[in-house]
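Notes for the one structure printed next.
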Amino acid sequence: MVWTERFITDIRREVPHFRYYGVDVVAHVVEANKAKFARDPLTEIHLGDVTNNPIPKGLDMIFSRDALQHLTFEQIYGALRRFAESDAEWTV
């Protein structure tokens, strides 16, 4: 999630009320981003695994970056199942 701050800053220039819900499996990355965005009410960062945890309802877009290539095919299918089960309009 190294790219997260730049991504959020850039997109909020166009969409000021953009809400970000991030998930990562690496605890120290999650903790660093939670600290970085602690005062940002529109940003949530969670420790989790998209292969077997449900994705919250109400998201407009799922943006999966630098994740699937680290998984087995079975785990990729699990993640894609979770993406499909969500009500997100877009998956990128």
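How much net charge surrounds residue 47 when only other residues with a Cβ under 12 Å from its Cβ are counted (Lys, Arg +1; Asp, Glu -1)?
On the way: positive: 34; negative: 24, 31, 44, 49.
Local charge sum for residue 47: -3.
Do any GluC sites (Glu not before Pro) in the chain lie in a DSSP loop with no more than 14 other beta carbon atoms within 10 Å, and if so, which? Walk me through the intermediate numbers first.
Details: sites: 5, 14, 31, 44, 74, 85, 89; in loops: 89.
Sparse-neighbourhood loop GluC sites (Glu not before Pro): 89.
Give me the percent relative contact order of the chain, please, defined on Cα pairs under 8 angstrom at least 6 residues apart. All intermediate terms of the calculation are to be shown ahead of the outcome.
Working: 98 pairs, mean separation 23.8, N = 92.
Once normalised by length, the contact order is 26 percent.
If the elastic network links every pair of Cα atoms under 10 Å, which of 58, 22, 48 fluctuates the most in the Gaussian network model of the chain?
58
Could you give the size of the charge dipole of the chain about its Cα centre, using +1 on the Cβ of each K and R and -1 on the Cβ of each D and E, expressed in debye and rounded to the nearest 20?
Working: 11 positive and 14 negative charges, 45 e Å.
Roughly 220 debye, rounded to the nearest 20.
In percent, what relative contact order does the stretch 49-92 have, based on Cα pairs under 8 Å that are 6 or more apart in sequence? Mind dumping the intermediate values first?
On the way: 49 pairs, mean separation 27.6, N = 44.
Worked out over the stretch 49-92, it gives 63 percent.
Taking other Cβ within 10 Å of each residue's Cβ, how do 50, 2 sort, fewest first? Provide the component values of the computation, followed by the final result.
Values: 50 23, 2 9.
Ordered by Cβ neighbours within 10 Å, fewest first: 2, 50.
For every helix of n ≥ 4 consecutive DSSP H residues, a contribution of -39,500 (n - 2.57) applies; sum these over the chain, divide by its total residues, and give [θ] at 222 nm rounded to the nearest 500 deg cm²/dmol.
Values: 3 runs with 34 residues, N = 92.
Helices in the chain give a 222 nm mean residue ellipticity of -11500 deg cm²/dmol.
Describe numerically, in nm with one decimal, the distance between label points set 7 Å from Cα along Cα→Cβ at residue 44 and at residue 25.
2.2
For Cα extents along the principal axes in Å, the listed values are [x] 36, 30, 19; [y] 66, 29, 27; [z] 44, 31, 19; which was obtained by calculation from the structure presented?
Read-out from the structure maps to [x].
Using a Gaussian network for the chain with springs between C-alpha atoms less than 10 Å apart, which of these wobbles most: 51, 72, 43?
So, out of 51, 72, 43, the one fluctuating most is 72.
Within the chain, report the chymotrypsin sites (Phe, Trp or Tyr not before Pro) that DSSP leaves as loop and that have at most 16 other Cβ atoms within 10 Å. Please report the intermediate quantities before stating the final value.
Values: sites: 3, 7, 18, 20, 21, 37, 63, 73, 77, 83, 90; in loops: 3, 18, 37, 63.
Here the chymotrypsin sites (Phe, Trp or Tyr not before Pro) that fit, given the DSSP loop and packing criteria, are 3, 18, 63.
For a footprinting-style exposure proxy, rank 64, 86 by other Cβ within 10 Å, fewest first.
Numbers: 64 13, 86 16.
If I rank by nearby Cβ atoms, fewest first, I get 64, 86.
Where a number appears in this text, it was derived from the coordinates with a stated rule and is not lab data. Remember, it's a predicted structure, so these values are computed and weren't measured experimentally. Counting neighbours? That spans all protein chains shown, and the Cβs are built from the backbone with ideal geometry, glycine included.
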